[in-house]
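The values are calculated or read from the model by the stated rules, or taken from the named source; none is laboratory data. The model shown is predicted, which means the values in this text are computed figures rather than measured ones. No Cβ is skipped: glycine too gets one built from the backbone with ideal geometry, and neighbour counts run over all protein chains shown. When the accessible area is computed, the model is the full protein with side chains, heavy atoms only, and any ligands, DNA or RNA have been set aside. Shrake-Rupley method; radii C 1.70, N 1.55, O 1.52, S 1.80 Å.
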Amino acid sequence: GKDGYQHFMEKELHEHPLVIGQTLQRMIDPATRQVVLPELPCNLAEVPRAVMTACGSAFYAAMVGRFWLESVARLPVDIDIASELRYRDPPLTKGSLGLLISQSGETADTLAALRTLRQNSAHILSVLNVEHSTMARESDAVLGTAAGPEISVASTKAFTAQLTVLACLTIAVARSRGMLDAAGEEELVTALLDLPSRAADALAQADAIRSMARIIADASNVLYLGRGSMFPVAMEGALKLKEISYIHAEAYAAGEMKHGPISLIDNTVPIVASAPFTPLFDKTLSNLQEAKARGGRLLVFTDTKGAERVSAIAEQMVVLPHVHDFTAPVVQTIPVQMLAYEVAVLRGTDVDQPRNLAKSVTVE
Ligand code: F6R
């Protein structure tokens, strides 16, 4: 049941802290505070590159994973949505790691992409929530997301669990490639172990998020912005808003705004920015100032450090505790999902069963 919540989506949003904690428990040895993965199909130190693929929200998790694998583990990563990858026939580097991400393990396009990668003799590692799925059977190894059953069609907790697994995988890859010493690993693991509490802090922002939702609920178009690891967070926010509130939303890498979408900006198109204080904060801030100068209404998800700088131009802010750059995308995902939920509730849509959508897309 819904445990007293109004919708499964609301219940599942509240499971973020628990699910992140459960997923970490599977992958971090509490005694050594080191990431310990199950047996993998290949030697991580020898993999020349990874090919990541998925659909929908899982694809945005893959984008965050690419950001981490490249920047922390220095592993070259190709990434594509599964429905494109399966027909592109890309030349694969021998011994590549195929990295598939799926909640259901049954998504037709992701499964077809898995088979395409297999035919090109990639090692197949899947990040799956349903561990007895078709994709699980066809993979060389599975990293499980301990998210439990997800009933709401719009994915919430499975997404943050995917990020948690990809963060742990990144640490393991970085260590085996000699990119992370013991102190570096300890720093990142400490940041990960802090996540359940920080996720709870995000949930505690429900009032501020509801107040943002009132502005969004009256809009016909919304622009989501983010840079670096926050770009996929912006995409996740925009997808979730489209899916359950039926409001058109588009996510842009903040630096790309001036190459086109800036012409859309006026006071009828709210701008939702994911802008915690990471090394890219100043770059995002300057894009937000440009938007503000053109009459844009800025609704900003930030952290305590970013709030000091962005408060002068933001119409509304949701301020989360400042966390390590590495884990910021996990924490910042939660409020953008909550925003979509609150808007859908205000608009009175069928939150858990949005029109035209199915939980598992098993046909092409
Ligand atoms: C978004 C959503 C979909 C799924 C996508 C992939 O809220 O639910 O975009 O993420 O259909 O599904 P899985 O992860 O089962 O492969």
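Summary table
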item	result
Loop-located GluC sites (Glu not before Pro) in the range 25-75, at most 10 other Cβ atoms within 10 Å (DSSP)	Glu39, Glu46
Residue-normalised accessible area of the chain, expressed per residue, 1.4 Å probe, Å²	39 Å²
Orientation-averaged projected area, Cα convex hull of the range 168-215 (nm²)	4.6 nm²
Neighbour count of at most 10 Cβ within 10 Å plus DSSP loop: longest trypsin sites (Lys or Arg not before Pro)-free window in the chain	95-354
Net charge, Thr333 excluded, C-beta distance under 12 Å - Lys, Arg +1, Asp, Glu -1	+2
Point-charge dipole on Cβ atoms (K/R +1, D/E -1) for the range 89-241, about Cα centre, debye to 20	260 debye
Three semi-axes of the equivalent ellipsoid, the chain, Cα gyration tensor, whole Å, largest first	31, 23, 21
C-alpha long axis of helix 56-71 to longest principal axis of the chain, angle in °	70 degrees
Charged-residue dipole, Cβ positions (Lys, Arg, Asp, Glu), the range 280-362 about Cα centre, Debye nearest 20	240 debye
Relative contact order (percent, whole number), the chain, Cα cutoff 8 Å, 6+ residue spacing	20 percent
Considering only the range 1-113, percent of DSSP beta bridges that pair antiparallel, nearest 5	20 percent
Amide proton proximity set for Asp303, modelled H, under 5 Å, gap of 5+	Phe277, Leu320
Normalised alpha carbon radius of gyration of the range 14-109 [divisor 2.2 N^0.38 Å]	1.20
Cβ-placed point charges (K, R +1; D, E -1), dipole of the range 6-65 about Cα centre in debye, nearest 20	100 debye
Given charges at Cβ of Lys, Arg, Asp, Glu: the chain dipole, positive-most of Ile216, His14, Ile334	Ile216
DSSP-defined beta bridges in the chain - what % are antiparallel, rounded to 5	5 percent
Positive-end residue, the chain charge dipole about Cα centroid, Cβ charges, pick of His248, Leu357, Leu75	His248
Cα coordinate range in the range 64-153, projected on the principal axes (Å, largest first)	37, 29, 22
Chain lengthening between Arg355 and Lys258 when straightened (0.36 nm per residue, less Cα-Cα)	31.6 nm
Length-normalised contact order for the range 38-113 - Cα pairs under 8 Å, 6+ apart - percent	43 percent
Accessible-area composition of the chain, carbon plus sulfur, in percent [1.4 Å probe]	49 percent
Tilt relative to the chain, helix 16-27 - C-alpha long axis, 0 to 90 degrees, to 10	20 degrees
Rg to Rh quotient for the range 125-192, alpha carbon positions, Kirkwood Rh	1.06
Degrees between helix 182-193 axis and first principal axis of the chain (Cα, 0 to 90, nearest 10)	50 degrees
Proximal aspartates and glutamates relative to Lys240, as straight alpha-carbon distance under 12 Å, when same-chain residues fewer than 8 apart are discounted	Glu250, Glu342, Asp352
